[in-house]
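I have placed the structure first, in the form of structure tokens, so that the comments after it can refer back to it.
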Amino acid sequence: MNILAQTEETLKQEIAAAVINANLAAEEEIPDIILEKPKDKAHGDFASNIAMQLARIAKKAPRQIADEIVKSLDQSKASIDKVEIAGPGFINFFTKNDFLGELIPTIMTAGEAYGKTNTGNGEKIQVEFVSVNPTGDLHLGHARGAAFGDVLCNVLDTAGYDVEREYYINDAGNQIDNLALSVEARYLQALNKDAAMPEDGYHGSDIIEIGKTLALEYGDKWVNMEREERLAFFKEYGLDFELGKIKKDLADFGVAFDSWFSERSLYKEDKVTNALKTLEDGGYIYEKDGATWFRSTDFGDDKDRVLIKQDGTYTYLTPDIAYHQNKLERGFDKVINVWGADHHGYIPRMRAAIQALGYSRDKFEVKIIQMVNLFENGEKLRMSKRTGKAVALRELMEEVGVDAVRYFFVTRSNDSQLDFDLNLARSQSNDNPVFYVQYAHARICTMLKQAVEKGFAAEEKYDASLLTAEKEIDLLKKLGEFPQMIADAAEKHTPHKVTQYVFDLASLLHSFYNAEKVLDQGNPELTKARIALMKAVRITIANGLKLIGVTAPEKM
RNA sequence: GUCCCAGUAGCUCAGCUGGAUAGAGCAACAGCCUUCUAAGCUGUGGGUCGCAGGUUCGAAUCCUGCCUGGGACGCCA
């Protein structure tokens, strides 16, 4: 399946064999053989620094070592065309290009599955992301987290991990009581009654809307009701409304969760008290100043944390510990949390909790998503012009479309802040990388359509060895990297590599397109081979875009 | 004061489990449409990789200190 990786593996083995044959080092002395893909084509397809690494062990000059390795190397086995020694002792390998020809049928046969590998070995990974409190709209920062989390999951899945996407619903605790109080105030206000918003109330227009809806639907039915009953109803009503809106926004943004986990279920099933007991049994709990504390400093946190406040209620951390205990009890090999930058300070205490619960610290991982800055006409937008509040995902989707939002949000590494340029995202020009990539896909589709019209039937045989032009080789090599790129992105949790790859591939396609003509009636054999190449490129671009969650249009 | 992230071309960013001449896009400049979509291509110029030490045959990459920007340091969530 992954031809490039196979070649690389064989080559590594052959190098190791050559080192032993040349008596340069014993088998156990050989360092990990690293083959890198040189940036400069003149340095071959693979380069090895093994000679420099062996300099100390073999007590010889790197270039001499390199020379001896090359002499002992069985070039036929490793499908090597040419070997050069360069610089301080690099060995540059030029692979035979014929194997690239196999790539096209491989890609065509795999189709949508091209890019899949089993590097993840079915490792069970849970990714929890977004998890916004159901008390308001999804904003810019949440949107970036949503895009990052979703694409990360796509990448993990494609690389052979067993992924579950989860959203943790904070449907218990203070913020929800506050929601109920806010709804109550807005309801009463809608009926022209005097009612003040709670101190930490939610002032969004959506809550006003809920109040009005309730007033319309129920009139003054709830005014004279027992307050407890009234609030209980408003709480559920508000929760359903807000959660419904979040679910709709995410669905429209192309993010689908496998599981929506309710915080309440933790209480219902006594998970919180169980978690507390686990910590207590471990001896990590003590009482002080009328509160119950978790000795998180045992695991490197800079201070201990309160679990049960003086007033007897839990802090935010307590149910969260129970939640993570539950996650890990579900048998995941790793749980990844995607958090906003403002939560980074929370990591040490959570990691401490994981360990206090008896789990290894590296089962728990947090990806921090740095801030998003919105720009328009060169100016930083602090707030939405429409609502005067933080810019909502909904607003952004309507403004520039889902494709652009998703693409831009995963272009940058998660730990770099991101400048989102509205003008650029909106622009239908070559400045806009989303269009650039989509255009490459559409271009191919047009060619393929015309190929059929010109009588180059789809099923015809072709000879891939005719693809010898530089731009063709470049394209083939890039196509071959696709599965490895995904595996790499999955391992390093760097979904932005996909955006980069797809851009580079599109760039090679455009370059090829301008240099060579695909449909040439005068040269049907070459045309058939090129059509096959175009099909392979199209599949790969489409698969890449799908990972990002961006559409691959056939016409633009 | 402590912790996290960032500092790479005029701008926005890749590269960071050490490797050869540090890359891309945009912006600037010069070219390419009787030929499959010019939403494209080709070329040129542009860099003390924040600063100072250290480790190494070799540092943008690892270590230490400092500077700048952003964020976090609640018995809030």
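Treating each Cα of the range A:290-361 as an identical point scatterer and summing with the Debye formula, the log10 of I(q)/I(0) at q = 0.16, 0.18, 0.20, 0.21 Å⁻¹ comes to -0.58, -0.73, -0.89, -0.97. Computed packing ranks the peptides A:447-455, A:61-69, A:143-151 as A:143-151, A:61-69, A:447-455, most packed first, by mean other Cβ atoms within 10 Å. Accessible surface ranking for A:His43, A:His441, A:His496, A:His344, 1.4 angstrom probe, highest first: A:His344, A:His43, A:His496, A:His441. Take A:Leu140: with every protein chain present and a 1.4 Å probe, its accessible area is about 20 Å².
The string of couplings for the range A:272-281 from the Karplus curve (6.51, -1.76, 1.60, θ = phi - 60°) is 5, 5, 5, 5, 4, 5, 4, 5, 5, 4 Hz, one whole number per residue in order, with x for Gly and Pro. Simple rule: put +1 on each Lys or Arg Cβ and -1 on each Asp or Glu Cβ in chain A, find the dipole, and look at A:Thr499, A:Ala341, A:Phe241; the Cα lying farthest toward the positive end is A:Thr499.
Quick one, what does Rg over Rh come out to for the range A:3-95 if you take C-alpha atoms and the Kirkwood Rh? Looking at the range A:3-95, the ratio lands at 0.93.
Dipole magnitude of the range A:16-169 about its Cα centre, charges +1 at Lys/Arg Cβ and -1 at Asp/Glu Cβ only, in debye to the nearest 20?
Details: 15 positive and 23 negative charges, 141 e Å.
The dipole of the range A:16-169 has a size of about 680 debye.
Spin-label model, A:Ser511 to A:Gln64: label points 7 Å out along the Cα-to-beta-carbon direction sit 4.1 nm apart. Ordering A:186-192, A:251-257 by mean Cβ neighbour count within 10 Å, with the highest value first, yields A:186-192, A:251-257.
Legend: residues A:Met485, A:Met371, sorted from most to least accessible area (1.4 Å probe; ligands, DNA and RNA excluded), read A:Met371, A:Met485.
What is the sum of charges, Lys and Arg at +1 and Asp and Glu at -1, for the other residues whose Cβ falls under 12 Å from the Cβ of A:Ser360? Charge balance in the 12 Å sphere: +1.
On the basis of the beta-carbon distance and an R0 of 25 Å, A:Ser416 and A:Arg382 show a calculated FRET efficiency of 0.75. Against the criterion of solvent-accessible heavy-atom surface with a 1.4 angstrom probe, A:Tyr161, A:Tyr501, A:Tyr359 sort, most first, into A:Tyr359, A:Tyr161, A:Tyr501. Taking other residues whose beta carbon is less than 11 angstrom from the beta carbon of A:Ile539, and scoring Lys, Arg as +1 and Asp, Glu as -1, yields +2.
Full extension of the chain between A:Thr494 and A:Ala251 gives 85.2 nm of extra length, using 0.36 nm per residue less the Cα-Cα distance. Students often get this wrong, so check it: of A:Lys271/A:Lys363; A:Lys454/A:Lys535; A:Lys277/A:Lys327; A:Lys37/A:Lys449, which have C-alpha atoms separated by over 28 Å? Too far apart for the 28 Å limit: A:Lys37/A:Lys449.
Between the beta carbons of A:Lys268 and A:Lys77, assuming R0 = 45 Å, the FRET efficiency works out to 0.10 to the nearest 0.05. When nucleic acids and ligands are ignored and a 1.4 Å probe is applied, A:Trp222 ends up with an accessible area of around 20 Å².
On the range A:50-202, 45 percent of the accessible area sits on carbon and sulfur atoms, based on a 1.4 Å probe. When you restrict to C-alpha pairs under 8 Å that are six or more residues apart and normalise by the size of chain A, the relative contact order lands at 15 percent. For the range A:443-556, the relative contact order works out to 40 percent when only alpha carbon pairs closer than 8 Å and six or more residues apart are counted. Which distance in Å, rounded to a whole number, links the C-alpha centroids of the range A:211-273 and the range A:343-419? Here the answer is 25 Å between Cα centres.
Computed from the Cβ-Cβ distance with R0 of 25 Å, the FRET efficiency linking A:Thr213 to A:Ala341 stands at 0.10.
In this view, the solvent-accessible surface of A:Met556, computed with a 1.4 Å probe and all protein chains in place, comes to about 110 Å².
The values are calculated or read from the model by the stated rules, or taken from the named source; none is laboratory data. Bear in mind the structure is a predicted one, so any value in this text is a computation, not a measurement. Because the Cβ atoms are built from the backbone with ideal geometry, glycine has one as well, and the counts that use them run over all protein chains shown. Surface accessibility is based on the protein's heavy atoms, side chains included, excluding ligands, DNA and RNA. Shrake-Rupley method; radii C 1.70, N 1.55, O 1.52, S 1.80 Å.
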